[in-house]
Amino acid sequence: MPDYQARQDAFAALLASSGTELAFLPVSADLEYLTGLRRRVLTFGNIEYAHSWVTGCFLAPGREPVFVLPRMVKEFDLPEGITGEVALVNERDDAEAIFRRVATSYGPVAGVAVGARTWADTVMGLQRALPGARLSSASTLANLMRRVKSPEELTAMAQACHIADEVMGAVTPEVRSGMSELELARDINYRMGQLGTRAPSFDTGVWSMGPATQRDATVRITSGAIEPGLGVSFDFGAEVDGYCSDFGRTIFVGDATAEFQRVYDTVMEAQAAGIAAARPGVLASAVHAATRQVIVDAGLGEWFRHRTGHCIGLDVHEQPFISEEDDTPLEAGMTFTIEPSVFRPAYYGARVEDIVVCEEGGGRKLNEYPTDMVVQD
């Protein structure tokens, strides 16, 4: 089990160094990292109860966490309890009064750091309870802690990567003419569940591109049948102990052309260049540049329309980004994707994606699935 007290102490030190006395975090990856309060699987609709706007946790240097929770959250999402005080809000309680009582118990507060995913209603409640307090981002501080992964975190992420690898191996024989992208996506999600993931780490994508279709990579999935002459790209990820994987490959259906082989080989070479560049002290933007240059030199730069990657952990997309605008120096233990692609509608589409951990000699893949081009009938 992670040392949550040590994490809270480190976060308190960051709060103090930023001149902020108090933080409020909603249920989120930040709160799970700091306290162990597990998130529900994300859905397209809100999971909420009476007084849901109060849901979250106050953290301050020198004090235990204080959770403010509607009764049903405590009843069903904390079966084993949580370390810290819980201010319970029942259905007929005055939620505003309870929230204000907890917020004002910290005395005069000049600054409150707020988690990035805090509801607007909650922010307005904080402003009513602590008028005049300066608001800042708690997630910016938490990211400084979360971006470098511990050995235990790397173990969980490697397991999530292994699930993706195993699923890709199982699904590959099913990629053939007549099979639909939707059927493949359903099988991917089912197989990930069978291997122990609570849910996909994001929406699974399966899409085909080539002369037989005008589709672009912006359309992630359809129910139409796969035809010969198309590259079928995959983008999916699993979850283990809250930690995410993010994985991608492309399989060609039919007789692969020499041009598609060239595009595919270029994408794989670009990934190798990015991984080799991913050393401590190197700027994230420089890794992106190393990846992109391979594709530019092949005359395909116009069709590398994505960034090289993004950090990953408890959230599938975390900062810093492996992108041209991000000049963050990499640190040993950072985990991120290297996912170059070439997508030209009506011509070809190819991508690869693996999770990489930054180490002294360059990036090391957590995924083990091969990148050799696969051609199916």
Can you work out ³J(HN,Hα) from phi for every residue in the stretch 321-332, in order, using Karplus 6.51 cos²θ - 1.76 cosθ + 1.60 and θ = phi - 60°, giving whole Hz and x for Gly and Pro? 9, 8, 8, 5, 8, 9, 9, 5, x, 5, 10, 4
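At 10 °C and 1.306 mPa s, what whole-number value in µm²/s does Stokes-Einstein give for the translational diffusion of the stretch 151-376, with Rh from the Kirkwood sum over Cα pairs?
On the way: Rh = 17.3 Å.
Translational diffusion coefficient: 92 µm²/s.
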Roughly how many debye, to the nearest 20, is the charge dipole of the stretch 4-146 about its Cα centre, given +1 on each Lys and Arg Cβ, -1 on each Asp and Glu Cβ, and no other charges? 260
Return the long-range amide H neighbours of V86 (sequence gap of 5 or more, or a different chain), with a cut-off of under 5 Å between placed amide H atoms. F67
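Express in % the proportion of alpha carbon pairs of the stretch 4-146 at distances exceeding 18 Å.
Details: 5275 of 10153 pairs.
Percentage above 18 Å: 52.
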Can you give the extra length, in nm with one decimal, that the chain gains between Y190 and D93 once fully stretched, where that is 0.36 nm per residue apart less the Cα-Cα distance? 30.7 nm
Once the dipole of the stretch 4-146 is set up from charges on Cβ (+1 Lys and Arg, -1 Asp and Glu), the residue from the list L31, W119, N143 lying farthest towards its positive end is N143
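Between R128 and D377, what length comes free when the chain is fully extended (0.36 nm per residue of separation minus the Cα-Cα distance, one decimal in nm)?
Values: separation 249, 0.36 × 249 = 89.64 nm, distance 6.39 nm.
The R128-D377 span can extend by a further 83.2 nm.
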Backbone HN-Hα couplings from phi across the stretch 260-274 [Karplus 6.51/-1.76/1.60, Hz, Gly and Pro as x]: 5, 4, 5, 4, 4, 4, 5, 4, 5, 5, 5, 4, 4, 5, x
Gained length - A13 relative to E259, 0.36 nm times residue gap less alpha-carbon distance: 83.0 nm
Counting helices only, and only those DSSP H runs with n ≥ 4, report the 222 nm mean residue ellipticity of the chain as the sum of -39,500 (n - 2.57) divided by its residues, in deg cm²/dmol to the nearest 500. -10500 deg cm²/dmol
From the backbone phi of the stretch 353-370, what are the Karplus-calculated ³J(HN,Hα) couplings (6.51 cos²θ - 1.76 cosθ + 1.60, θ = phi - 60°) in whole Hz, Gly and Pro given as x? 8, 9, 8, 10, 10, 6, 9, 4, x, x, x, 10, 5, 8, 7, 10, 5, x
Scaled radius of gyration (Cα, divided by 2.2 N^0.38 Å) that the chain gives: 1.10
Enumerate the amide H contacts of G111 below 5 Å, restricted to partners 5 or more residues apart or on another chain; note that Pro and chain-start residues carry no placed amide H. E21, L22, R134
Long-range amide H contacts for C57: which residues qualify at under 5 Å (H placed 1.01 Å from N, peptide plane, sequence gap of 5 or more or a different chain)? L25, V68
Determine, from the Cβ-Cβ distance of A6 and S105 and an R0 of 22 Å, the FRET efficiency 1/(1 + (r/R0)^6), rounded to the nearest 0.05. 0.35
Specify the inter-centroid distance of the stretch 261-310 and the stretch 359-377, based on alpha-carbon positions, in whole Å. 14
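Compute the FRET efficiency between V41 and D297 as 1/(1 + (r/R0)^6), taking r as their Cβ-Cβ distance and R0 = 45 Å, and round to the nearest 0.05.
Details: r = 43 Å, r/R0 = 0.94.
My answer for the efficiency is 0.60.
Coordinate-derived values only; no laboratory data. Computed from a prediction, not measured in an experiment: that's the story for all the values here. Glycine gets a Cβ as well: all are built from the backbone with ideal geometry, and neighbour counts include every protein chain shown.
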